[in-house]
There are 2 protein chains.
Amino acid sequence: MQVYSESEVKERYHMKDAITAIEESFNKLNQIKTAPRTVIPTGDGAKSMLYMPCVDLAKQLGTIKITSITPENPKQQLPTTQAQIVITNLKNGETKAMLDGSYLTRLRTGALSGIATKYMSRENATTLGMIGTGGMAYEQFLGNIEVRPINTVLLYNRTTEKAQDFKTRILKDYPDLNVQVLEDVSKLVKQADIINCQTPSTQPVFNAEDVQPGTHINGIGSYQPDMKELDANIFTQAESVVVDDLEGAKEESGELIEANENKTFTFEEINDELKTLSQQGTLYRKNNDAITVFKCVGAAYFDLAVAIGAYEKLNQ
Amino acid sequence: MQVYSESEVKERYHMKDAITAIEESFNKLNQIKTAPRTVIPTGDGAKSMLYMPCVDLAKQLGTIKITSITPENPKQQLPTTQAQIVITNLKNGETKAMLDGSYLTRLRTGALSGIATKYMSRENATTLGMIGTGGMAYEQFLGNIEVRPINTVLLYNRTTEKAQDFKTRILKDYPDLNVQVLEDVSKLVKQADIINCQTPSTQPVFNAEDVQPGTHINGIGSYQPDMKELDANIFTQAESVVVDDLEGAKEESGELIEANENKTFTFEEINDELKTLSQQGTLYRKNNDAITVFKCVGAAYFDLAVAIGAYEKLNQ
């Protein structure tokens with residue numbers, strides 16, 4: 001039994017690896033089995049334990065992500081969401097490893113946005129606009145810069161100071177980028193080639209009218225029915241709306257659930273799941289002026305792909 | 001994050017501890033929450049992964065038992081069932097420890113039989129008859145000798161050689177006991193004050209007609225609807241039939257399910273759950289000549305009780 005901390009995983013397993021692992025997994029989803037997520041409330045509000053098991057019959061490895069949600073944690077400088085992923089060898093039933101799952105969750109979510117951007121955004125997209133600079137943001141940034149020649153990053157956050165900190169963090173790692181903090185979100189939206197939203201907002205964080213032709217949008221913040229960071233009008237303006245997991249999106253994406261209820265944009269109008277884009281392997285957008293939207297809620301088999309990928313790399 | 005192997009847990013945490021932990025947990029079940037067990041089949045037959053989560057809101061600790069069932073394993077001298085238990089601190093969401101769960105599962109099952117024997121068998125019971133000497137048997141033996149003045153142990157196993165090995169194992173630890181291997185199960189049944197069955201048999205392993213007045217029976221082997229080690233006629237002969245967990249028994253005890261379907265003994269006739277006996281704290285049997293039966297299928301909150309108990313003891 002090996003235990004890997006966040007820093008050990010982080011040192012060896014990167015965005016490029018995660019994108020490759022997830023795209024490879026799309027080609028063998030018939031060998032991957034999941035069970036519904038189990039949630040046990042453990043206190044007030046969102047306080048809870050979440051359990052997401054999954055098995056890869058081809059590799060004969062199983063994973064379970066054990067996630068704790070502790071809303072009071074930020075008061076004590078601890079993260080709200082913490083996770084561990086346990087890997088079992090299905091050939092002989094032995095537990096092989098426990099990996100810190102917090103970085104891997106952020107990484108796989110960033111990789112999903114990266115894959116969406118790779119197939120959906122204009123190939124000459126250079127300006128990334130980020131709305132929300134919280135815990136998930138850095139790997140969202142990494143996912144986008146991995147696949148497009150980004151030279152400008154625009155940041156907006158409700159608390160501007162946090163956006164400034166995030167700018168400092170980016171420039172430390174990527175000093176050649178042009179990074180700007182904006183206090184007016186509509187300025188960001190109008191200038192961005194790619195808009196990446198990662199907030200827990202229950203209301204739209206931008207106005208769909210501000211979105212320019214040719215823009216691609218990734219929305220990864222809302223993962224519960226009451227969360228609605230994307231302006232649902234964007235779905236009707238878009239050439240294509242793609243989700244990471246159709247079943248999950250119908251149950252967890254607040255924006256899509258509301259649009260479906262209001263019949264402004266129904267679940268049947270969702271164009272594809274991300275796996276189809278990856279399997280086709282070509283640019284998905286038909287028109288340089290089109291608006292495209294990717295909505296991501298997460299699923300256990302993405303955690304499995306990166307956990308097994310990281311485990312294999314750590315054991316090379 | 002601490003990882004504890006089977007031998008580390010075994011060295012510090014014993015049958016007496018497990019019995020105490022489970023009986024204490026009976027008094028705060030309103031603070032313990034479980035979710036249904038998740039099962040993902042991973043191959044032919046019973047090959048599967050099982051996930052059993054549970055939280056103790058009073059202690060603010062959560063556990064999940066991750067179990068692998070690998071039926072081909074014995075061919076390679078590996079156990080069919082292997083388990084790990086992960087403990088999370090609910091106060092701050094941090095994972096505290098991973099404990100090998102195989103010994104703890106055997107121990108909690110032995111403790112449940114021990115608790116049943118303590119409240120249900122005659123107080124002067126001295127002869128323990130064990131049917132099945134496989135992987136679960138030793139802790140069943142320990143559970144019984146912890147609570148009754150056992151001086152004689154009768155063993156029966158389909159493969160007699162394994163019963164001989166088990167006798168050697170007992171005598172190594174308890175040289176003063178009178179231990180006999182019998183080749184005729186009815187001889188064992190007729191002599192025993194307590195009969196403890198731990199087989200995966202799909203047919204009765206003894207004949208109810210052989211059971212003498214005053215005998216107490218523990219059945220822990222059948223935990224799936226197709227497993228039926230107890231002769232269902234014993235339920236109608238018994239003064240009382242007690243189960244560890246009523247919901248689990250209705251879904252998993254093959255004997256009780258069949259008896260209920262045949263209307264020879266319905267679920268409504270089950271007298272009590274084990275917790276009631278423990279809470280009353282007095283001898284449950286009314287009559288020295290009565291036959292009593294305890295049927296055990298297991299539940300996540302028993303795993304939680306011993307895992308937290310062991311974790312606390314290991315950290316004293």
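DSSP assigns beta bridges within the protein assembly as shown; of those with both partners inside it, close to 50 percent run antiparallel. Residues in segment B:59-68 carry Karplus couplings, in order, of 7, 6, 10, x, 10, 9, 9, 10, 10, 10 Hz; the curve used is 6.51 cos²θ - 1.76 cosθ + 1.60 with θ = phi - 60°, and Gly or Pro positions show x. Residues within the reach of a label modelled at residue B:258 (point 7 angstrom out along Cα to beta-carbon, backbone nitrogen below 19 Å), restricted to segment B:193-209, are B:196-209.
For chain A, what is the convex hull volume of its Cα atoms per residue in Å³?
On the way: hull volume 41.9 nm³, N = 316.
Expressed per residue, the convex hull around the Cα atoms of chain A is 133 Å³.
Between residue B:314 and residue B:233, how high is the FRET efficiency from 1/(1 + (r/R0)^6) when r is the Cβ-Cβ distance and R₀ = 51 Å? Nearest 0.05.
Details: r = 45 Å, r/R0 = 0.88.
Computed FRET efficiency for residue B:314 and residue B:233 comes out at 0.70.
Of the solvent-accessible surface of chain B, computed with a 1.4 Å probe and all protein chains present, 44% belongs to carbon and sulfur. Between the amide H of residue B:129 and those of B:154, B:193, B:194, B:195, B:196, distances stay under 5 Å, these residues lying 5 or more places away or on another chain, with hydrogens modeled in the peptide plane.
May I ask what percent, to the nearest 5, of DSSP beta bridges between residues of chain B are antiparallel?
On the way: 30 of 60 bridges.
Taking every DSSP beta bridge within chain B, about 50 percent pair in antiparallel fashion.
With a 1.4 Å probe on protein heavy atoms only, tell me which residues of segment A:1-37 lose at least 10 Å² of accessible surface in the complex relative to the chain by itself. Buried on complex formation: A:1, A:3, A:33, A:35.
Phi angles across segment A:286-294 convert, under the Karplus curve 6.51 cos²θ - 1.76 cosθ + 1.60 with θ = phi - 60°, into 3J(HN,Hα) values of 8, 9, 5, 8, 6, 8, 10, 10, 10 Hz, Gly and Pro given as x. Each other copy holds its own label point for residue B:2; taking that point as 7 Å from Cα along Cα to Cβ, the gaps run 2.4 nm, nearest first. Legend: helices of chain B (whole DSSP H runs) are marked when their alpha-carbon atoms reach 15 angstrom or more along the helix axis and their mean Kyte-Doolittle hydropathy is at least 0.0; marked are B:15-26, B:102-120, B:137-147, B:300-314. Among the lysines of segment A:109-298, pairs that are 8 or more positions apart or on different chains and have alpha carbons within less than 17 Å of each other number 11. For the protein assembly as shown, the fraction of C-alpha pairs more than 33 angstrom apart is 52%. Summed over both chains, the area buried between B and A is near 2700 Å², taken from the accessible surface of protein heavy atoms with a 1.4 Å probe. Here residue B:27 yields copy-to-copy label distances, from shortest upward, of 6.1 nm, the label point defined as 7 Å from Cα along Cα to C-beta. In plain terms, the chain from residue A:158 to residue A:44 could stretch by 38.6 nm, reckoned as 0.36 nm per residue minus the Cα-Cα distance. Whole-Hz Karplus values for segment A:178-184 come out as 8, 10, 10, 9, 10, 9, 10 Hz, taken residue by residue from phi with 6.51 cos²θ - 1.76 cosθ + 1.60 and θ = phi - 60°; glycine and proline positions read x. Projecting 7 Å from Cα along the Cα-to-Cβ direction, the label point of residue A:16 sits 6.1 nm from its equivalents in the other copies, listed shortest first. The Cα-based radius of gyration and maximum Cα-Cα distance (Dmax) for segment B:150-232 are 13.0, 39 Å.
Solvent exposure of chain B amounts to 40 Å² per residue of accessible area, where only protein heavy atoms count and the probe is 1.4 Å.
Exposed loop positions in chain B were taken to be trypsin sites (Lys or Arg not before Pro) whose DSSP state is not H, G, I, E or B and which have at most 11 other beta-carbon atoms within 10 angstrom. Between these positions, the longest stretch is B:1-262.
Per residue Cα convex hull volume for segment A:183-316, in cubic angstrom? Display every interim value, and only then the final one.
Numbers: hull volume 17.9 nm³, N = 134.
Roughly 133 Å³ of hull volume per residue.
The values are calculated or read from the model by the stated rules, or taken from the named source; none is laboratory data. What you see is a predicted model; the values in this text were computed from it and never measured. Virtual Cβ from ideal backbone geometry, glycine too; neighbours counted across all protein chains shown. We work out accessible area using only protein heavy atoms, side chains counted, and drop any ligands, DNA or RNA first. Shrake-Rupley method; radii C 1.70, N 1.55, O 1.52, S 1.80 Å.
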